[in-house]
Each structure stands twice: as structure tokens, then as C-alpha cells.
Amino acid sequence: MNSGLIGKVDKSKKYAQERHRMHVASLQVEFDGENDRHQVGLDGDAWRCTCDFFGGWGACAHTMALERILDGMIPTSAITTPSFA
């Protein structure tokens with residue numbers, strides 16, 4: 001492996017630990033739920049999910065799981081997880 005690529009690998013490891021550098025503007029994820037596969041997305045601060053629960057509440061276990069995974073990388077206006085959770 002050449003030294004240029006080694007440097008990029010090292011830099012990528014550093015960036016992966018510095019989550020504050022990353023800001024997710026849009027995202028599309030296939031989420032394997034317990035009963036079905038769902039399409040979950042984030043566009044700006046608006047979540048969407050194809051599960052039945054999301055349609056009535058504007059949030060669901062799938063979107064809230066992604067909020068936790070992406071903590072610090074999505075706009076605060078996109079966070080729907082209740083504070084008691």
C-alpha cells in the first residue's frame with residue numbers, strides 16, 4: 001500500500017471518531033423490522049418511514065433508532081425521540 005493511501009486510511013479513522021464533523025443532510029435506509037422491511041429516510045429535518053405507525057405519529061421505532069445512531073450528526077429540528085426515552 002502506498003503512503004498516500006495509508007495516510008487517507010489513518011485520516012478516515014480520525015474522522016470516524018470525530019462525529020461532530022459530519023452533518024447528515026439526507027439519508028435513505030432500508031430497515032429490517034420485526035415484521036417487514038421499511039424504507040426510512042431523512043430529508044433536511046423531515047423523517048419518513050413506510051411503517052404503519054409512522055403515518056399516525058410522524059415518528060416510529062425505526063426513525064428513533066436512526067436518531068440514536070446518528071446522534072450529533074442530524075439537525076436538532078429532526079429529533080423526534082421523546083426526552084423521557
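The values are calculated or read from the model by the stated rules, or taken from the named source; none is laboratory data. Note that the structure is a prediction, hence the values are computed from the model and not measured. Quick reminder, even Gly has a Cβ in these numbers, built from the backbone with ideal geometry, and neighbours come from all protein chains shown.
Selection of the range 37-51 for residues being within 20 Å of Thr76 (Cβ to Cβ), in contact with a Ser or Thr (Cβ under 7 Å, 6 or more places away or on another chain) and not in a loop (DSSP other than H, G, I, E, B) yields Val40, Leu42, Asp43, Trp47, Cys49.
Condition test on Cys49, is it surrounded by 17 or more Cβ atoms within 10 Å (Cβ to Cβ) and over 13 Å from the mean Cα position of the chain (by Cα)? Spelling it out, it is not the case that Cys49 is surrounded by 17 or more Cβ atoms within 10 Å (Cβ to Cβ) and over 13 Å from the mean Cα position of the chain (by Cα). crowded, with 16+ Cβ neighbours inside 10 Å, among the hydrophobic types (A, V, I, L, M, F, W, C), within 26 Å of His20 (Cα to Cα) and touching a residue at least 40 places away in the same chain (Cβ under 8 Å): is that true of Ile79 in this structure? No. If I filter the range 11-37 down to residues being modelled with pLDDT under 90 and among the acidic types (Asp, Glu), which single residue comes out as surrounded by the most Cβ atoms within 10 Å (Cβ to Cβ)? So, considering only residues that are modelled with pLDDT under 90 and among the acidic types (Asp, Glu), the one surrounded by the most Cβ atoms within 10 Å (Cβ to Cβ) is Glu18.
Gly72 fulfils the conditions (1) modelled with pLDDT of 90 or more; (2) exposed (fewer than 15 other Cβ atoms within 10 Å of the Cβ); (3) in contact with a helix residue (DSSP H, G or I) (Cβ under 6 Å, 6 or more places away or on another chain) except for a single criterion, (1). For the range 52-69, taking the residues that are part of a loop (DSSP other than H, G, I, E, B) and surrounded by fewer than 18 Cβ atoms within 10 Å (Cβ to Cβ), the one that is nearest to the chain's Cα centre (by Cα) is identified as Ala59.
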